[in-house]
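Read the structure below first, then the notes.
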Amino acid sequence: MEEALAPSVVKHGVLMNVLGMGVLILGKSSIGKSECALELVKRGHLLVADDIVEIKRRSGDILDGSGGELIRHHMEIRGIGIIDIKNLFGISSVMDTTKIELVVQLEEWQGEKEYERLGIDDRFLDILGLRIPEVTIPVKPGRNLAAIIEVASMNQRLKLRGYHTARELDRKLIEIMKERGSGGAV
């Protein structure tokens, strides 16, 4: 009954479980979401949904994501067509549902745009009234999106455990500047 009445939404994207963390990959059509997901699967991560991600808000402020029953474990790769990840890579390459803990927004690289370089301020995307941590990854040829998403997942895991790398470095730099300002040599 709880499942049937749970607030839900459908997003166009890819849902992966990367290093035990549910990562929702969003971006405009043909930006490379599925190709990135395919590389993540090849690196040992789990596909949950491609193209259509069904998201439900559970009690305890949890967002669960899954794929539609008909297309579950399938992926569309332009130039090849529909592939069955479970049959190609094995049962250990897929899962039916995962908790969404990070949103990765892929967007075309815009040379004039200032992208996040320090990561001090966290950004969030509201999904069904819950604020989910979000990072924007600019896409251009030569970037290894799968590796970047793996690192974003590891970094988010550190944040969930109370260690915020950018803020810690900022704190140390301020400490050093204060010491130098008061006559201390560093």
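Things to note:
- Max mean-square fluctuation residue, GNM over the chain, Cα-Cα springs under 10 Å, options Ala147, Ala37, Ala49: Ala147
- Charged-residue dipole, Cβ positions (Lys, Arg, Asp, Glu), the chain about Cα centre, Debye nearest 20: 500
- Mean accessible surface per residue for the chain, computed with a 1.4 Å probe while every protein chain stays in place, in Å²: 59
- Packing here is the average count of other Cβ atoms within 10 Å per residue, and on that basis the peptides 103-110, 117-124, 53-60, 84-91, highest first, run 103-110, 53-60, 84-91, 117-124.
- Amide proton proximity set for Thr98, modelled H, under 5 Å, gap of 5+: Gly65
- Karplus-based coupling profile of the range 89-95, in residue order and whole Hz: 10, x, 4, 7, 9, 9, 8, with θ = phi - 60° in 6.51 cos²θ - 1.76 cosθ + 1.60 and x standing for Gly or Pro.
- Of Lys113, Lys99, Lys42, the one that fluctuates the most in a GNM where the chain has Cα springs shorter than 10 Å: Lys113
- Backbone phi angles across the range 103-113, fed through the Karplus curve with coefficients 6.51, -1.76 and 1.60 (θ = phi - 60°), yield HN-Hα couplings of 10, 10, 9, 8, 9, 4, 4, 10, x, 7, 7 Hz in residue order; Gly and Pro are listed as x.
- Listed peptides 11-24, 154-167 by packing density, highest first (mean Cβ within 10 Å): 11-24, 154-167
- Remark on Leu106: its backbone amide H falls under 5 Å from those of Leu26, Gly27, Ile137, a criterion applied only to residues 5 or more positions apart or on other chains, H modelled at 1.01 Å from N.
- Between Lys99 and Ile176, the distance separating the two model label sites (each 7 Å from Cα on the Cα→Cβ line) works out to 3.7 nm.
The values are calculated or read from the model by the stated rules, or taken from the named source; none is laboratory data. Treat the numbers as computed from the prediction; the structure is a model and nothing was measured. Backbone-built Cβ (ideal geometry, glycine too); neighbour counts: all protein chains shown. SASA here: full protein model, heavy atoms, side chains in, ligands and nucleic acids out. Shrake-Rupley method; radii C 1.70, N 1.55, O 1.52, S 1.80 Å.
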